[in-house]
Structure formats: C-alpha cells, structure tokens
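The values are calculated or read from the model by the stated rules, or taken from the named source; none is laboratory data. These numbers come from a predicted model, not from an experiment. Here the Cβ is made from the backbone with ideal geometry for all residues, glycine too, and neighbour counts use every protein chain on show. Note: accessible area is taken over every heavy atom of the protein model, side chains too, but ligands, DNA and RNA are not part of it. Shrake-Rupley method; radii C 1.70, N 1.55, O 1.52, S 1.80 Å.
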Amino acid sequence: MHHFSLVITKEDETTEHMISKEVKEDYGKSSIISTTSRHQQLAGLEPYNGTWGKTQASHLVRRTHFGLKINTLNYARSFNSASDAVDAIVNNALSNPSPDDPQWFKNGNSGDVQDIYDIQFRWMEGMYSGGLRERMILFWSNHFAVSYSNMNALPDKAGNSYASHMYKYWKLMHQYSFGNFKDFVSAMSKNSAMLYYLNNYNNRDGQPNEDFARELMELFTLGPQDKDGNTNYTENDVAEVARAVTGWRVNDATLSGYFDQSRFDNNSKTIFGVAGNYDMDGVIDLIISQKEEEVAYFICQKLYVFFVSAKPNKAIISELASHCIYQNFDMAAVLKKLLSCAHFYEEQFYGSRIKSPTEVFMSYLRELEITPTSQLKEYIRLRMQELNEELLRPESVFGWAGYNPPYSDGTPGHYSWLNTNLMPSRWNNLTDIIYGSDGSGSRYNPISITQKISDPSNPFSIAEDIAEHLLASPLDTVGIREVEEDFAGGLADPDLSGMPDHKINLTKILLGTIPWYEFTANSDQDGNLFYEESFAEAVRQYISYLQQLPAYQLI
Amino acid sequence: MCKKDHHHNPKLSHDRKGASLDDKEAHKDDHQNWSRRSFLSSLGFGAIGSSMLLGSTSVSTFARSKFFNRLSRADNDRVLVLIQLSGGNDGLNTIIPVENDIYYQKRPTIGIRKQDSILLSDDIGMHPAMSNLQSFWGEGNMAVINNVGYSDTNRSHSRATDIWTTGSGSNNIENSGWAGRFLVEDNPDFIANPPEFPLGVRIGGSATLFQSEFGNLGVTFGGANHFTQFLEQGGFYDENNVPQNDFGDSLSFARKIANSSFKYLESIQAAADNATNIGEYPNSSLAQSLSVVARLIRGGLNTKLFLVSKGGFDTHNNQGGPEGGHANLLGDIADSVNAFYADLGSDNLDNRALTMTFSEFGRTLDENSSNGTDHGSSAPVMVFGPVNGGLYGNHSDLTDLDNSGDPVFSTDYRSVYTSILDDWFGLGDNETDAVIDGNFQNLGFVDSLATSSEPSQKTARSFRLHQNYPNPFNPTTTISFSLAQAADVKIRIYDIKGSLVQTLVDQKMQAGDHNVQFDANSLPSGTYLYKLETPTGNQSKKMTLIK
C-alpha cells in the first residue's frame, strides 16, 4: 500500500495544507503529483513512520550508498522501520575499520602521481563494496577541499611527498567522518595537506597570509552570510584570524603539521569584537561558541544538499541545526536524524538529485554488479577527469559546485554536473563499459543480474524490473518512448491485460525484433543459466537505452 | 594545468600537428581526426545549456519589448570575446607603475624593475612575459584601462565574480549577467522566433554572465556521438510535463540538457565544418578555447558573445616576479591572444572581434609572507583588437588607499561595459540603461570606426549611404544617401575617439535621394565617421578633414 500525503481540512479553513491527488495507479505503485502550488506542507524532522517497503528502502540505499545494489536493498528491507535501518547503516559505517595502508605509503614519502591514483582506486573499491562511510568521505573532501594538484605544482610545497600527505588527509577523513565536527575542524586545520593547500604553513607573525584564515570562516564553519543574509564576519575579522593562526608549519618527514611558537603572533587579537590572544584552537573555539547557530546551520545545509535535495529547505535545516547543537555537533547523530525523518522520505525527493560523475559510475557498477577491475578503475579515473570531478582534486576551494548549496543567483549547484557536452559523455562512457570498450574487451553478461532481480526468461518482467532497478523515479514519470509497432513475431499475441503502458513500451524496446515468446534463458548441463548471444545483446542495448534517459541522471 | 591525460588517450592530445595549412597531409588528417566529438569534448566545463523553448515563460512577456520592430542591424557581425581570469589577477604586476617608489617598497621581492618591464609609457611598464603583446601596443591594437574597480570592493572570489559578471554595485544583488541582459536587448525577437544558433557561447568561466530573466542564454559546445541514435529514439523530451516539486525540477533540467544537446548542434557543427584555424596556437587550454572561437567566427556562426577563461590567478604563494608562476600565466594570455588575432587577421576577420580580459579583483599592494599577494582591490582591464590604443584613466599613485591598504579605484568597471555596449554594439541609450544600471562614462577606447566588411549582397537594403564629396575636404562636404521608402533618419558625425561631434540629421525623410551639407569649420583636422541610422539598419563611412 503506497503512502499518501493527504491532509483533510475543514471547509472554512484557508487551504494552506495542500491536498495531493492521486493521478495514476499501476501495479501498486502510484505517482502522486501535487496539482496545486508547490508550497505544500512537507513533513518535518519527526521520525518517519509510514510504510517501510521497497520504494522507501531503495531511496535510503541510493542516497547513502553509491547506488542500489540488491544485497544492500535486501539488508535495508530486513529491518522493521526506517529508524532501525538507518541506525544499522550509520553504525556499520562508524565501526568500519580504517583501510590498511598501501605498501608505497609504508615505504616512505612519495611524490608520485601514480600513488595519488592508487588512493583514488582504493576509494573506488571502497565505494563499490562499502557505502555510507565512503560517501561521507566524499562529502568531507568537498567540504574541506584540498587538491593534490596544488601541492605538486609549486616547488617549495611537497613536491616529493605530496602523495603521502594526501593519503594522510584521506585517512583523517576516515577517522572523523562521523565524529565531533569541532574536533574535526581542529584536526583538519592542522593537517599537513591542508596547511600546504591553503598556505597556512607560511603564515607568520608580522607577515600574515590570509588564505587559510578566510577559508576557515568562509568555507569550513560559517559561510559569508547567515541564513537571513547577515554578514558573518568582516574583513577585519579575517585579518585578525590570520594573525591568530600564525605559527603552523609542516614537517615533511613525519607528514604532520606542528606549531612553531617563534612564528606565532603572540599578541591580542579582536575577533567578532572579542579580544584575546587567540591561537588556532582558540579561534575555532571562539567561532563555534560565538556563532554556534550559524555554524550548525552552515554544516547542516551542506548535509541537506548532499543527502536530500539541491534546494535547501530553510525550516528543516534550522530544525536540524538545533538538533546538531543539542547533540554537540556529533555528525553521526545528525545523520541518523536526517536519514530517518519523515521529510527525507517525502516522495518529491526520490530522484531529485542529479548524479555527480562519481555517483554515475559507481551506481552503474553497483546496480549491474560489475566488479571494478584495474582496467575499469583506470578507465573511470580518466573519464571522471573529463566529467569535471577528479577525486582529491576539487575544482576550486569550494569543492565542487555540484555538491554545494545553490549559486548566488539561485541556480541549484547540481546543475553544474550536466551540460550539452557532459551529458552525452556520460552516455558514451556507460555504453563503453558494458561493451568492453573500457579496455576490458569483454561485453557485459546480464544473466546474473536478471537472475537476481527478475525472472530471466520473462522479457516483460525483465523490462520492468531492470528499469525500476536503474531508475530512481517512478516509471511513468521517466518519459518512456511510446512504441507504436506491434510486438515482433506473428505466432501469438501476449496477454497485456492489466499491464501498464510503460511496461508494454519498455518490453517492446527490450525485445526489438525478437519475438516475445522466443525470449528465454537456457540451462547448461550443470544447471547454470545463460543467454544466447542475441538475447544477451538485447539486454545490453536495453540497458544502454535506459542509461541514456534523462531520468537516469537522477538519484 | 592540463587536465587531460595525454599518455592514455591520444585523441585528447593538445599536440595537434597539422593545425597549420602548410602541413597538408597532416592537416587533412588533423581535420578528420579532430572530429566533432574530440573537437567539442576537449572543451572543459561549460555553461548550463538550456533550451530556447522556455516553456515556463509565457509569450506575453514578450509584449513588453519596445523593440519589436527593430530588425538586425547592418553592422551586426561584431563579436565580443571575454577572457575571464579566475582567481584575482595581480594587476599591479601586469601593468606596472615602474617609477613609483611605493610600489617597490611594498613589493621588495616580487616587484618588477623598470628595466625588466616592457615600457608602455615613461612611467608604466607591462610585465615582460607579455612580449607577444608588444606589437599590439605598437600598432594601436591594445587599450589598457587603468585602476578599474568599484566602491566597497568585495574580496570573496564568488561574490566578487558575481559583481563583475552581473554588472552590479557592491551592495546590490543582481541575478542576471550583464551579457545576458545585453543579449535580451539585442535580440527582442528571440522568444517568438528562437534563433538556430546560440546567442552566447561559453567555454569555461562563470555561468552567471549569460544568465537572463529568460534563462541562461549561453550554451556550451556539445558532443554529438549519439545524435542520430537519439533522434531515432524519438527525439525530444517534454520539459514541461513534470511534477511541481524538486524531482520535477531536476527531471525538467535533465531533459532540457538532453534536448539542448541537439538544438544548436547543427549550426555549430556547420560552422566548425566550414572553417579551420590558420596558424599555430600554444598548447594551453586558453589558446585552444580561443582557437575554437576563431574557427566558429570564420565558419560563420552568428553568435556575438564568447566567454573563455583561464584559472590559476589566486597567487597567494610564491607569485614570482619577472619569471615564475604569475609570469607564466600572463605569458599564456599574451601568446594566446596573439595567436587568436594572427589567425583572424589572415583573412581580415580581426576587426570583427573585440577581446577584453577581466578578473574578480586585483591583489594586495603589499606582498605577503609567502612571496605572494592576497585578495586586493582594483586592477587594469586590457582590451585588444579594434581599439583606439593607449592608456585610459590614471594608474593609481598608491597613496590613495582603502582600509585594507589597497588602491582606491579610479574607473568604475561598468564604464568599460558601457563603452563596449555604446561603441562596439551600437546600443542606444535606452537599451544601454536596461543593461547597466546607473550612469557610466563612455571611455572611448573602442574604435567605432573599425567597420566590418561591406554588407553582403544578400541583405535587402532599403537605404544606401554614399561616400561624401569632396573627400578629403575643407571645410564643407556633401553627404548623400538614398531611401527606398520614407523613414526616420539620423545622421551623426563622430570623431576618431568615437565621441559624437554633431547630429546632422534627425527627422523623417521621404523616399528618394537626399543631400546634406556638413560644415566642419570649427573642427580640427582628422578622420571622422558619419553614420546613417534608419529603423531597418545602419551604415557608416569615414571622411577626412584637412585644414
């Protein structure tokens, strides 16, 4: 039974609560389209206690993992409620052990870009087999943006050790992803890669370098303005903070930041109108204590955009910010709240986010259960560069626009992932992957996925099940082509009674010239199923069709 | 820094042998290998492409336009190329006050000595890395507008970029780009009759520039690999029939992109197939972007505005002086602009393109502790091509400083835009007001005498402007013109700097031939431009007064 959002109002009440109308119903799945103004009342942060079924669990898995792997879906559904599933998912991510250090890292400092790629590959592996933890690291690598290309570009930076510095930066995010945000800011500010990237390693008494100081406030904790448009800090504050964070340096041998008292500006600074001889931790404490609400709102807005919708909902974020303060900036607690609340499961958010390049590739692999080989990882690494998202190399100090709150003119950040060049590239790349042009040379064999999620001998089921598996939004909204031709094969007509149009069209698209009654999976002598080549090819082309629908860009 | 991995994907190599027409065989291969896909997909991050069929905008909004009857003007093949320097270019080390002691006091390590600079005047030098612009300067094809900024400078990258691209003041929030507003004024027809070509083309740089009240008017180049397949699939998606919620918005956007990926493709591919580049370009992404622009201009794409960009200017650390990081950045600009104009100049297209650099702010007067500079205030703007070459406005004397110790601006950046709108695109006062809010002076750096080639025979002319007689003259001369039908006619006279000298005619005139006397008794010798303006087009010619 599908969850309706239906509010009954008295006749003489002004209609602020909008009544949703059911527009279409098919096979137990309805798409509810609000026929009135979009300013409908959305559910809030209270726990979601509606139906916990395939639709809701799929949404949770898509948003917390990199795409819908069937085992993860089954796992999420095995719980009785959203809250229980969320608890389990967050706790699993929390308790995941840190990855083993690669041999090259243990061998000594590395300035080899191939080792950066090695970190990217390990991360991709983690994304494929893991989930929320890798996703949160991606979130933090966007928030505390550090790019490796800055470090190997300038000679007196870590030309010979930047790969090692980046590895430590990456590991730091494993450690703090779900912990206390304030501790994270402090640890990150002292991280060697961060010290290099924002030039704070060169910031000393008498000759302050404002780069890090500005970004500490503008990017990491406050943002230039609060939610009501008031300025959060002045240029003077920036200059004073710059003085307060003087004295930090990098020890390349130990790959760590350290404090050099002799370079520290040991005098009083006035920040936010409060005077004191602040140092790095002093400033961070000051920011979080003086501007607690602004910091909470700032970080919660980022989380909202990353997990819920590219368009921030001020009321919900404010409430989440209060919860964040109440939980003393514990990120795990904030996530649990956000991912298990009724607002998160509002239907309008299903498929409302545009996939980043990472999400496009990893979700494709997870959905089709294509294990990333070295060749495939290298292919993806190169294509991601072209699609403007290279891991550990954010496009600017802001991270990637695609993961961030809207531009100043209101344009949602995730629009930047798509344009008339990038979208066709995505189509090409995903087609390449299942056709072996990714360098693997072998074409994708769809038999095992059809066994896992459908009935491999029934083309109607396959057509619908694969489409539902790949697409985050209801099938009657994705814009499936109306196919006027009849089913191929003149021997018999299929029984289409009760079958929704989209299923009929999808099956026609899948089958093409194959008569529907001929399509089947065969058994070999050991009882294993396989497809003869023309059927396997039909499924591949069908997948290729689905991933080129605009709706496939959405998650 | 090059994003592409050449070693693994040779298709994306910037090392394009055969770019010059001299390498015949290689050139042919180059033309074929440099296929649509690789040509178009080598360009980086681009605009939010959007369909011109803006379903959410009702056609009735079009009725508000007072320029309904205006058809495209005769001299409408002028192009503006904007080069966005992202990060905040250090203007003080680009156009250098080489006689100012304060400059050297504040920049003990990164200051550039007079003898190392390329002198533009007695006390202004240009960074030595820009040697490829020397000929531009010498031939009068480069204008430098000094100390450009605005009051209450913002030093945040994103906000400052917004200010420059929206053409607003520091305390105003404007959502549309100045170029977007210009395109709306320049193309009042575009909703009812969407053009087949993109109004603006963006290859990197800020999306806001082309944002307008009707959506984003800039488009990026699109790859075309699945073009035919996509059409067979059934073509276009319905952008409007979507739920009114976040999901619907995202779905609609994704469909818009998919649709747009094919909407302008034909005009762009036709232009790209129609022309090649002439001459060598450097191996940088800026140069490659400009080479694309040149090719599209040559190939006949009707787009008037191009935006390209170069990043890396946020030189907080180890900026370098005559050599080093910043020098390399400036060198790339000079080399790329040089290659661009050399290309266009080969077949006399160079007078069609006006090129301007801009950056979100200059950098601090003082160098910082890392031998770099932090976010500052004003900086020079450089303009290339058909300009009245020279320095405009005064360089800061470095004594009038703001609260952060950086120079106070002397020329508002909106004057630069106004000058271009007035003199390059011939926008009338009313139209310019709709683009730039506030009164800003026309600086006169555009060479409005730079005429494009004679209008093609294809354009049906309802008027004709003749060469004055006698020419050269002193002090009177006769200007004749013919009208096919009665029309409101203006004839205006401008001096070499583009300043209006006299309005000779401003009235309705009947069909037929007309003569008008011009008496230049009180004017100095020199070249003047006379311009005939009618509702169906303009035409201008030059005349010479010799006393």
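Farthest toward the positive end of the dipole of the range A:414-555, out of A:Ser454, A:Ala521, A:Leu496, is the Cα of A:Ser454, where the dipole comes from beta carbon charges about the Cα centre. The distance from the alpha carbon centre of the range B:182-196 to that of the range A:399-424 is 25 Å, rounded to a whole number.
In the range B:79-213, carbon and sulfur make up what percent of the accessible area (probe 1.4 Å)? The C+S portion of the solvent-accessible surface of the range B:79-213 is 41 percent. Between the beta carbons of B:Asn439 and B:Thr544, assuming R0 = 35 Å, the FRET efficiency works out to 0.60 to the nearest 0.05.
Taking label points 7 Å from Cα along the Cα-to-Cβ direction, B:Asp189 and B:Ser151 give a separation of 4.2 nm. Remark: the range A:196-338 carries 36 Å² of accessible area per residue (probe radius 1.4 Å; ligands, DNA and RNA excluded).
Were the residues from A:Ala43 through A:Thr513 laid out at 0.36 nm apart, the gain over their Cα-Cα distance would be 164.5 nm. From its DSSP helices (H runs of at least four residues, each -39,500 (n - 2.57)), chain A gives a residue-normalised ellipticity at 222 nm of -13500 deg cm²/dmol.
In this structure, the residue pairs whose Cα-Cα separation is over 24 Å, taken from A:Lys54/A:Lys508; A:Lys190/A:Lys337; B:Lys114/B:Lys310; A:Lys182/A:Lys291; A:Lys190/A:Lys302, are A:Lys54/A:Lys508; A:Lys190/A:Lys337; B:Lys114/B:Lys310. Burial annotation for the range B:238-252: residues with an accessible-area loss of at least 30 Å² between the isolated chain and the complete set of protein chains, computed on heavy atoms with a 1.4 Å probe, are B:Pro243, B:Gln244, B:Asn245, B:Asp246, B:Phe247, B:Asp249, B:Ser250, B:Leu251.
Neighbouring Cβ atoms from other chains, within 10 Å of the Cβ of residues in A:388-399, number 2 on average. Normalised radius of gyration (Cα atoms, divided by 2.2 N^0.38 Å) for the range A:70-109: 1.83.
A probe of 1.4 angstrom, applied to the heavy atoms of all protein chains, finds A:Ile434 with accessible area near 0 square angstrom. For A:Asp115, the solvent-accessible surface computed with a 1.4 Å probe is close to 20 Å², ligands and nucleic acids excluded. With a ≥ b ≥ c taken as the square roots of the eigenvalues of the C-alpha gyration tensor of the range B:398-447, please select rounded if a/c is under 1.5 and otherwise prolate if a/b is larger than b/c or oblate if it is not? In terms of gyration-tensor shape, prolate. Across the range B:381-397, rounded Karplus estimates of 3J(HN,Hα) from the backbone phi angles (6.51 cos²θ - 1.76 cosθ + 1.60, θ = phi - 60°) give 10, 10, 10, 10, x, x, 10, 8, x, x, 9, 10, x, 8, 5, 4, 8 Hz, Gly and Pro being marked x.
Converting phi to 3J(HN,Hα) with the Karplus coefficients 6.51, -1.76 and 1.60 and the offset θ = phi - 60°, the range A:444-456 yields 5, 9, x, 5, 6, 5, 5, 5, 6, 10, 8, 9, x Hz in sequence order, with x at every glycine or proline.
Database remark: amide H of B:Gly125 closer than 5 angstrom to the amide H of B:Ile96, B:Val98, B:Leu120 (H placed geometrically; neighbours at sequence offset of 5 or more, or on other chains; Pro and chain starts carry no H).
What the phi angles of the range B:410-415 give under the Karplus curve with 6.51, -1.76 and 1.60, with θ = phi - 60°, is a coupling list of 10, 10, 6, 4, 6, 5 Hz, glycine and proline written as x. How would you classify the range A:370-492 from its alpha-carbon gyration tensor, with a ≥ b ≥ c the square roots of the eigenvalues: rounded for a/c under 1.5, else prolate if a/b is greater than b/c, otherwise oblate? It comes out oblate by the Cα gyration axes. Near the amide H of B:Leu401, within less than 5 Å, lie the amide hydrogens of B:Val408, all on another chain or at least 5 residues away, with H placed in the peptide plane. The Kirkwood hydrodynamic radius of the range B:304-461, based on inverse pair distances between different Cα atoms, is 18.2 Å. Considering only A:Phe220, A:Leu338, A:Ser356, the residue lying farthest towards the positive end of the dipole of chain A is A:Phe220, judged by Cα position with unit charges set on Cβ.
Counting only other chain Cβ atoms within 10 Å of each residue's Cβ, the peptide A:346-354 averages 5.
Between the alpha-carbon centres of the range B:102-134 and the range B:344-410 there is a gap of 13 Å.
Averaged over residues, the count of other Cβ atoms within 10 Å places the peptides A:226-233, A:375-382, B:476-483 in the sequence A:375-382, B:476-483, A:226-233, highest first. Tell me whether chain A comes out rounded, prolate or oblate; compute the Cα gyration tensor, take square roots of the eigenvalues as a ≥ b ≥ c, and use a/c under 1.5 as the rounded threshold. Cα axes put chain A in the oblate bin.
Inter-chain Cβ neighbour count for A:204-217, averaged per residue, equals 3 (cutoff 10 Å, partner chain atoms only).
Solvent-accessible area lost on pairing B with A (1.4 Å probe, both sides summed) amounts to about 5300 Å². Amide H contacts of B:Gln502: B:Ile493, each under 5 Å away and 5 or more positions distant or on a separate chain (H built 1.01 Å from N in the peptide plane; Pro and chain starts excluded). Looking at the range A:449-508, the GluC sites (Glu not before Pro) that sit in a DSSP loop and have at most 11 other Cβ atoms within 10 Å of their own Cβ are A:Glu482, A:Glu484, A:Glu485.
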